[in-house]
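K.L.:
Could you have a look at this structure, given as structure tokens, before my questions?
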Amino acid sequence: NYGNLGLNKSGTTGNRSSPTQIPGTTWSKPYVFKIGSGAIKTDGTLWVWGYNYYGQLGQSQAVPVTGISSPVQIPGTTWVQYANEYNASYGIKTDGTLWAWGDNEFGELGQGSDGAPTMRSSPVQIPGTTWGSGNTKGNTVYLARQHIKTDGTLWVWGHGTHGKLAQNNLTTYSSPIQIPGTNWSVVSGCYQAMLAIKTDGTLWSWGYNDRGGLGQNNTTKYSSPVQIPGTTWSKLGGNGDTVAAIKTDGTLWCWGWGNDGRIGDGTTTSRSSPTQVPGTTWSEMGGGEKEMIAIKTDGTMWAWGSNTYGGLGQNSRTNYSSPKQIPGTSWRFTRGNLVNLALKEV
């Protein structure tokens with residue numbers, strides 16, 4: 001729907017249950033939001049496609065607008081990171097500046113009181129020139145944003161419901177506000193919760209917890225960071241109400257909502273504590289709205305969970321509660337939501 005596969009075709013007949021190539025061979029970083037996608041090429045250009053109601057494809061159009069089913073370029077040639085959520089998009093340039101566009105009802109664009117609630121269909125700069133780049137330096141959750149600066153400080157803004165801005169309150173902020181600490185290194189999120197890893201390998205979570213996504217062995221909401229046991233966490237992923245994380249020993253762990261088998265432990269049970277997925281050579285993961293996708297060090301890619309939209313890449317609609325291999329052995333990067341994108345080595 002909305003052309004979010006980038007294949008110049010929209011509508012339900014455009015769904016794909018096996019990997020289908022998007023034209024081009026110089027893609028370097030793919031990103032996915034709920035009903036749209038984007039990717040950066042090796043020349044630093046940023047391309048987007050899919051749902052565009054709030055102007056989140058950055059094409060300077062009057063909003064609301066319809067979807068775009070083929071990649072279109074966002075102006076500029078120095079983009080190094082892209083992130084997005086249902087209604088807003090964010091990009092980092094090589095000079096450390098951070099830009100946002102799309103809906104701004106809850107201050108998601110970080111423009112302060114003068115900017116909310118105006119939608120923007122072209123990138124507008126969020127103050128500062130030391131925003132960190134990299135696949136895990138910034139992340140969007142429902143109606144909010146978190147991002148790490150080069151000095152290791154973590155900043156959040158947007159809708160504060162469920163305490164997901166970690167300010168020990170439920171307040172909405174339209175300008176970046178700091179979370180205590182200076183050694184944050186990796187961030188991720190699930191629905192209305194945020195998670196982050198510090199440089200010492202500790203993992204912290206806060207916000208919505210009805211599905212156990214905060215990993216505290218309970219369903220209590222927290223409006224300040226609480227630690228998840230362990231000191232060797234290195235990577236974060238997941239989406240929807242399920243979280244995935246990799247430790248330095250290559251083990252992969254999931255927790256949160258287990259519906260349709262998305263925990264990957266052979267069951268459909270929800271887990272409020274980290275639960276190991278079989279294997280010790282996991283290197284990369286990027287969960288979807290209802291499924292998990294992960295890559296091993298040998299370049300094989302595996303998927304599990306709901307397969308309603310063919311997101312497990314099995315040329316079928318069968319759900320799997322344990323990892324199932326997607327054909328190929330040269331996969332190196334994946335991100336997903338209702339659409340899954342992956343890069344191969346060429």
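The values are calculated or read from the model by the stated rules, or taken from the named source; none is laboratory data. From a predicted model like this one, the values you see are computed outputs, not experimental measurements. Because the Cβ atoms are built from the backbone with ideal geometry, glycine has one as well, and the counts that use them run over all protein chains shown. With ligands, DNA and RNA removed, areas are computed over all heavy atoms of the protein, side chains included. Shrake-Rupley method; radii C 1.70, N 1.55, O 1.52, S 1.80 Å.
K.L.:
Can you find even one residue in region 264-283 that is open to solvent by 60 Å² or more (accessible area, probe 1.4 Å), in contact with an Asp or Glu (Cβ under 8 Å, 6 or more places away or on another chain) and in a strand (DSSP E or B)?
P.N.:
Checked region 264-283: at least one residue is open to solvent by 60 Å² or more (accessible area, probe 1.4 Å), in contact with an Asp or Glu (Cβ under 8 Å, 6 or more places away or on another chain) and in a strand (DSSP E or B).
K.L.:
Being charged (D, E, K, R) and assigned to a strand (DSSP E or B) is the filter; apply it to region 190-243 and report the residue that is farthest from Thr150 (Cα to Cα). Working first, answer last.
P.N.:
As a first pass, look at region 190-243 and keep what is charged (D, E, K, R): 198, 200, 210-211, 221, 235, 241.
When the remaining residues are screened for being assigned to a strand (DSSP E or B), the result is 198, 235.
Numbers: Lys198: 13, Lys235: 18 Å.
Result: Lys235.
K.L.:
Yes or no: Ser270 touching a residue at least 12 places away in the same chain (Cβ under 8 Å) and more than 21 Å from Met292 (Cα to Cα)? Explain how you work it out, then say what you get.
P.N.:
Working: touching a residue at least 12 places away in the same chain (Cβ under 8 Å): yes; more than 21 Å from Met292 (Cα to Cα): no.
The answer is no for Ser270.
K.L.:
Tally up the residues in region 190-205 that are surrounded by fewer than 22 Cβ atoms within 10 Å (Cβ to Cβ) and of a type in the set (Gly, Ala, Ser), please.
P.N.:
1
K.L.:
Name the one entry in Asn259, Asn315 that is in contact (Cβ under 8 Å) with a residue 12 or more places away in the chain, over 16 Å from Gly213 (Cβ atoms) and of a type outside the set (Ser, Thr, Tyr). Before you say what the answer is, go through the steps one by one.
P.N.:
Values: Asn259 fails: over 16 Å from Gly213 (Cβ atoms).
Matching residue, one of Asn259, Asn315: Asn315.
K.L.:
Quick one: would you say Leu165 is more than 24 Å from Asn87 (Cα to Cα), aliphatic (A, V, I, L, M) and either free of Cβ contacts under 8 Å to residues at least 60 places away in the same chain or out of contact with any Lys or Arg (no Cβ under 9 Å at 6 or more places or on another chain) (or both)?
P.N.:
Values: more than 24 Å from Asn87 (Cα to Cα): no; aliphatic (A, V, I, L, M): yes; either free of Cβ contacts under 8 Å to residues at least 60 places away in the same chain or out of contact with any Lys or Arg (no Cβ under 9 Å at 6 or more places or on another chain) (or both): yes.
When the stated conditions are applied, Leu165 does not pass them.
K.L.:
Output the residue which, of all residues in region 329-346 that are small (Gly, Ala, Ser) and in contact (Cβ under 8 Å) with a residue 40 or more places away in the chain, is surrounded by the fewest Cβ atoms within 10 Å (Cβ to Cβ).
P.N.:
Step one: filter region 329-346 for residues small (Gly, Ala, Ser), giving 330, 336, 342.
Now drop any that are not in contact (Cβ under 8 Å) with a residue 40 or more places away in the chain, which leaves 336, 342.
Values: Gly336: 26, Ala342: 21.
For region 329-346, the residue satisfying everything is Ala342.
K.L.:
Look through region 288-346, keep the residues that are among the hydrophobic types (A, V, I, L, M, F, W, C) and not in a strand (DSSP E or B), and return whichever of them is farthest from Tyr191 (Cα to Cα).
P.N.:
Start the filter on region 288-346 by keeping residues that are among the hydrophobic types (A, V, I, L, M, F, W, C), which leaves 292-295, 301-304, 312, 326, 331, 333, 338-339, 341-343, 346.
Remaining after also requiring not in a strand (DSSP E or B): 312, 338-339, 346.
Working: Leu312: 20, Leu338: 13, Val339: 16, Val346: 34 Å.
Result: Val346.
K.L.:
Something else: Being touching a residue at least 40 places away in the same chain (Cβ under 8 Å), hydrophobic (A, V, I, L, M, F, W, C) and either surrounded by fewer than 22 Cβ atoms within 10 Å (Cβ to Cβ) or assigned to a strand (DSSP E or B) (or both): is that true of Val187 here?
P.N.:
On the way: touching a residue at least 40 places away in the same chain (Cβ under 8 Å): yes; hydrophobic (A, V, I, L, M, F, W, C): yes; either surrounded by fewer than 22 Cβ atoms within 10 Å (Cβ to Cβ) or assigned to a strand (DSSP E or B) (or both): yes.
Criteria met by Val187.
K.L.:
Among the residues of region 297-324, which ones are within 14 Å of Pro19 (Cα to Cα) and exposed (fewer than 14 other Cβ atoms within 10 Å of the Cβ)?
P.N.:
Across region 297-324, the qualifying residues are Asn315, Ser316.
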